[in-house]
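As structure tokens, the structure follows; a few thoughts come after it.
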Amino acid sequence: MKFFFLFRFLIFSLFLNTSVYGETSIAFINMNIIMNKSKAGISITDQLNLIKNNEIENFKKKANELDTKEKKLISQKNILSSEEFEKKILSLRNEIKVYNDFWFVKLVSSFSK
């Protein structure tokens, strides 16, 4: 019987001593405002835009190089033997495939950031 009263007393005292924190404040941060109006946010945005623009320029340069190689190869079609022409076409196709794969990987990695 004593044990029962002691047990009830302990349980009852545990429930009375618990503190209730009902005044917990919740705050929301608008990241668009922070990124567009703070110095750090503007700096980060500018750096990311610079990196993106440099990558686009590099890809455009490489695409132009591949186009000039293709035009040069087409202009040499009648001069080269058919076997040599086919080898150069395969080489150019491999370069284009590598370029497209690299571009796709860069594109996917930039979206995942």
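The C-beta contact set for the range 59-78 (first residue closer than 19 Å to PHE102 by Cα, second residue in a helix (DSSP H, G or I) and among the hydroxyl-bearing types (Ser, Thr, Tyr), distance under 7 angstrom, 6+ apart or interchain) comprises LYS62/TYR99; LEU66/TYR99. If you check SER91 against the conditions, is it loosely packed, with under 10 Cβ neighbours inside 10 Å and either part of a helix (DSSP H, G or I) or modelled with pLDDT under 85 (or both)? Spelling it out, it is not the case that SER91 is loosely packed, with under 10 Cβ neighbours inside 10 Å and either part of a helix (DSSP H, G or I) or modelled with pLDDT under 85 (or both).
Which one is surrounded by the fewest Cβ atoms within 10 Å (Cβ to Cβ), of the residues in the range 33-87 that are among the charged types (D, E, K, R) and farther than 29 Å from SER109 by Cα? Looking at the filtered set, the residue picked out is GLU83. Say whether the condition of being of a type in the set (A, V, I, L, M) and either under 26 Å from SER109 (Cβ atoms) or at pLDDT 80 or above (or both) is met by at least one residue in the range 12-21. The answer is no, given that none of the residues of the range 12-21 is of a type in the set (A, V, I, L, M) and either under 26 Å from SER109 (Cβ atoms) or at pLDDT 80 or above (or both).
The values are calculated or read from the model by the stated rules, or taken from the named source; none is laboratory data. Remember, predicted model here, so these are calculated numbers, not experimental data. FYI the Cβ positions are ideal-geometry reconstructions off the backbone, even for glycines, and counts take in every protein chain you see.
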